[in-house]
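The values are calculated or read from the model by the stated rules, or taken from the named source; none is laboratory data. Predicted model, so just to flag it, every value in this text is computed and none were measured. We place every Cβ from the backbone using ideal geometry, glycine too, and count neighbours over all the protein chains shown. Accessible surface areas use protein heavy atoms only, side chains included; no ligands, DNA or RNA. Shrake-Rupley method; radii C 1.70, N 1.55, O 1.52, S 1.80 Å.
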Amino acid sequence: MPESPAVPAARSTGSELSAEDGKLVILARGARGRVGAVEGAAVRDQDGRTYAAASVSLPSLTITALQLAVASAAAAGATRLEAAAVVTEASTLDGAGYAAVRDLAVDAPVHVAAPDGTVLGTVTE
């Protein structure tokens, strides 16, 4: 599994995100809150379509919210991602989710936000 990239030390505010990226944070918060999941995530594909997901932990399947959002986009025919957002209590981006985003986008920003929607940082590398 890839190493988890650290969220940048500089704090960002939600107002610094574009309207479309801010929408991803809102969708990720909603996905997380609906089922009381540990994480919520959302991605936007090359056509502007969005996909939101929550983390899943079952006896036979464990998948991060970001992996599931990317998988949903890929299953719908997305070939490229423009941006992603993860709402989590963690201070770093999980390596598996990060790797899934990078499978479809080498430079898409991945915004990491706290459960209240405060953007903690953005990973672009």
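Numbers for the structure displayed
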read-out	value
Sequence-separation-based contact order of the stretch 48-114, relative, with Cα cut under 8 Å and 6+ spacing, percent	32
Orientation-averaged projected area, Cα convex hull of the stretch 12-81 (nm²)	5.2
Cα centroid separation, the stretch 14-37 to the stretch 57-125 (Å)	12
Per residue solvent-accessible surface (Å²) - the chain, probe of 1.4 Å	49
Summed side-chain charge close to residue 24 - residues other than residue 24 whose Cβ falls under 11 Å, Lys, Arg +1, Asp, Glu -1	0
Relative contact order (%) - criterion: Cα under 8 Å, at least six apart; region: the chain	31
The chain, accessible surface, carbon-and-sulfur percent (1.4 angstrom probe)	54
Selected from 75, 31, 105 as most flexible by GNM, with the chain as the system and alpha-carbon contacts under 10 Å	75
